[in-house]
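Enquirer: If you scroll down you'll find the structure; I have some questions about it.
Coordinate-derived values only; no laboratory data. What you are looking at is a predicted structure, and each value in this text was computed from that prediction instead of being measured. Virtual Cβ from ideal backbone geometry, glycine too; neighbours counted across all protein chains shown.
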Amino acid sequence: LGHGVFRHVTDVVYVRTECFDAANNPLIASEIARINDQFVAQDKNYVLIGPGRWGSSDHWLGIPVKWAFISQAQVVVELGLDNYRIEPSQGTHFFQNLTSFGVGYFTVNPFLKQGDWLDLDFLNAQPAVYESSFLRHVQLKSPLLIKIDGRKGRATIECTAGE
């Protein structure tokens, strides 16, 4: 979902997949809300990455965020894991907010062997602005290059020079 090029985002907030347990999804949602509040205060955007369905009312299927919990996200990425293979979101109200506010959305499911890929090693190697048992927030030196082609169903997030 979405369409366009974004060149101003330097922050990535992501769920730590090495210790992910869907039982903790309500706690993760609360923690994301607190981080998002900091972005609201700074009037900054970020990329949000996590397993399962964002905004799911069933916390076993994804992280049950409300729109206010992620309002500063420029891009929302639903990540499939080998041990947590959840079909992508299909909810209408949540997607209405994404499209209305120009938020990009895509899925990364490496296990489907369609070329999807997320470089968690790169993100994990970056110094954390914030880190907990569930989340990491990293801030890159240079803005990311985010390209979304909603017509063709393709998207990429790339580091620019200096990272």
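Enquirer: Could you list the chymotrypsin sites (Phe, Trp or Tyr not before Pro) in the stretch 3-65 that lie in coil according to DSSP, counting only those with at most 13 other Cβ atoms within 10 Å of their Cβ? Write out the running numbers ahead of the final one.
Expert: Values: sites: Phe6, Tyr14, Phe20, Phe39, Tyr46, Trp54, Trp60; in loops: Phe20, Trp54, Trp60.
Qualifying residues, ordered by number: Trp60.
Enquirer: Please list, by residue number, every one of the trypsin sites (Lys or Arg not before Pro) in the stretch 26-77 that is coil in DSSP and has at most 16 other beta-carbon atoms within 10 Å.
Expert: Here the trypsin sites (Lys or Arg not before Pro) that fit, given the DSSP loop and packing criteria, are Lys44, Lys66.
Enquirer: Defining a contact as two alpha carbons under 8 Å apart and six or more residues distant in sequence, what relative contact order in percent does the stretch 116-159 show?
Expert: On the way: 38 pairs, mean separation 10.4, N = 44.
Over the stretch 116-159, the number comes to 24 percent.
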